[in-house]
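*Asks:* The structure follows.
The values are calculated or read from the model by the stated rules, or taken from the named source; none is laboratory data. Keep in mind it's a predicted model, so treat the numbers as computed, not measured. All Cβ positions, even for glycine, are placed from backbone atoms using ideal geometry, and neighbour counts span all protein chains on display.
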Ligand SMILES: Nc1ncnc2c1ncn2[C@@H]1O[C@H](COP(=O)(O)OP(=O)(O)OP(=O)(O)O)[C@@H](O)[C@H]1O
Ligand SMILES: [Mg+2]
Ligand SMILES: [Zn+2]
């Protein structure tokens, strides 16, 4: 799996979490006074587990270099392969989590076997039961000198306050589109996949703010390629069953420029090419909504910049400036209606959208 193969193995390979890396490396400069408990909070697939493992490697690396693991020595390799005795990862969401914490309580007092520190990573830490939480709390109050605890969670607000008050908190940021594209470029280069930036941007946009989802999607698309097929925008659209943002914006432009013929042809040809028109309608609504909000709230631009490539944001801005609020609102209303109708299994599947176009353009 790409997301396993390309998991960051050193701090320098983590994309977009620079502040966290800097603070952790500062701690590493003085291992004698290292804080012993950490909370890694943040959205899924943003690097919490990866960072925890890199931290554990740096602490136990045999080629001590303080700020980065060597990633070569026996300890680093053992951690990469998940067989380092002094690194324990438990999933608090699973049943065994509670039992494991009991075991750990019993044996964490013993000195590390292979390395210098015993590191305990508690994943999904918000799922810890009261009993397990209390057991851990005892440990956190007086941890053995060689023990390091890393709690990872997507829902920090659910962590017991008594635990929160004893740990160093790090908030992992949502991945930006640029960061995800950078990672996809790196994978594409390594795997010798030829793909232009636009295709990668399309994949990144589809994956919300999670590296893992983007990497998995790239992999699924690559696996679906035929022998001589190249990764291009159309292929990705086909794979997702969804048109690119660019095409949706073309469609919106046709509506606002009163090009009824082009718009109707657009609907029909996409239907013939097998695209789900209800999804097309929903995507259109999504972009009209971005335009609407941008119209009344100029700072929305920052949001857009995080989620869409610069070209798309440029086009959204352009439409926002040109079209007045009433028209945008009307377009949204009509499209919502069309979405509603399109669920009704009309005798002609293109009808709901065609009516929408005619309503919008006729009322000019
Ligand atoms: N900051 C990052 N830089 C580069 N790649 C990343 C980064 N964060 C995540 N990834 C990619 O996503 C995959 C999953 O990351 P990781 O397991 O560290 O996420 P997580 O925050 O622990 O997610 P979850 O909450 O789902 O456990 C990694 O194997 C890696 O390929
Ligand atoms: Mg994780
Ligand atoms: Zn090492």
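*Asks:* Can you name every residue in segment 257-297 that is in contact (Cβ under 8 Å) with a residue 60 or more places away in the chain and either within 12 Å of residue 241 (Cβ to Cβ) or crowded, with 19+ Cβ neighbours inside 10 Å (or both)?
*Replies:* Result: 263, 267, 277, 278, 280, 281.
Every residue, every condition in (1) in contact with a strand residue (DSSP E or B) (Cβ under 7 Å, 6 or more places away or on another chain); (2) near ligand 3 (Cβ under 10 Å from one of its atoms); (3) modelled with pLDDT of 90 or more, yes or no:
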residue	(1), (2), (3)
53	no, no, yes
57	no, yes, yes
62	no, yes, yes
73	no, yes, yes
86	yes, no, yes
117	yes, no, yes
132	no, no, no
135	no, no, no
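*Asks:* With the checklist (1) farther than 24 Å from residue 174 by Cβ; (2) more than 16 Å from ligand 2 (Cβ to nearest atom) in hand, flag the one item residue 12 doesn't pass.
*Replies:* So residue 12 meets the others, but not (1).
*Asks:* Please count how many residues of segment 22-41 are within 16 Å of ligand 2 (Cβ to nearest atom) and either more than 27 Å from the chain's Cα centre (by Cα) or modelled with pLDDT under 95 (or both).
*Replies:* The number of residues fulfilling the criteria is 0.
*Asks:* If we scan segment 242-253, do we find a residue that is over 21 Å from residue 336 (Cβ atoms) and assigned to a helix (DSSP H, G or I)?
*Replies:* yes
*Asks:* Among the residues of segment 35-83, how many are closer than 18 Å to residue 16 by Cα, in a loop (DSSP other than H, G, I, E, B) and within 16 Å of ligand 1 (Cβ to nearest atom)?
*Replies:* Residues meeting the conditions: 7.
*Asks:* I've got another one for you. Looking at segment 13-29, can you tell me whether even one residue there is outside any loop (DSSP other than H, G, I, E, B), touching a strand residue (DSSP E or B) at 6+ places or on another chain (Cβ under 6 Å) and within 13 Å of ligand 1 (Cβ to nearest atom)?
*Replies:* Within segment 13-29, one or more residues are outside any loop (DSSP other than H, G, I, E, B), touching a strand residue (DSSP E or B) at 6+ places or on another chain (Cβ under 6 Å) and within 13 Å of ligand 1 (Cβ to nearest atom).
*Asks:* Residue check: is residue 109 surrounded by 14 or more Cβ atoms within 10 Å (Cβ to Cβ) and either closer than 24 Å to residue 166 by Cβ or under 29 Å from the mean Cα position of the chain (by Cα) (or both)?
*Replies:* no
*Asks:* Hey, another quick one. Working only within segment 178-198, note down all residues that are at pLDDT below 90 and part of a helix (DSSP H, G or I).
*Replies:* Residues satisfying the conditions are 197, 198.
*Asks:* In addition: Would you say residue 217 is free of Cβ contacts under 8 Å to residues at least 24 places away in the same chain, over 26 Å from residue 39 (Cβ atoms) and over 13 Å from the mean Cα position of the chain (by Cα)?
*Replies:* no
*Asks:* Condition first: farther than 16 Å from residue 118 by Cα, more than 16 Å from ligand 2 (Cβ to nearest atom) and surrounded by 17 or more Cβ atoms within 10 Å (Cβ to Cβ). Now tell me which residues in segment 44-68 satisfy that.
*Replies:* The one that is farther than 16 Å from residue 118 by Cα, more than 16 Å from ligand 2 (Cβ to nearest atom) and surrounded by 17 or more Cβ atoms within 10 Å (Cβ to Cβ): 68.
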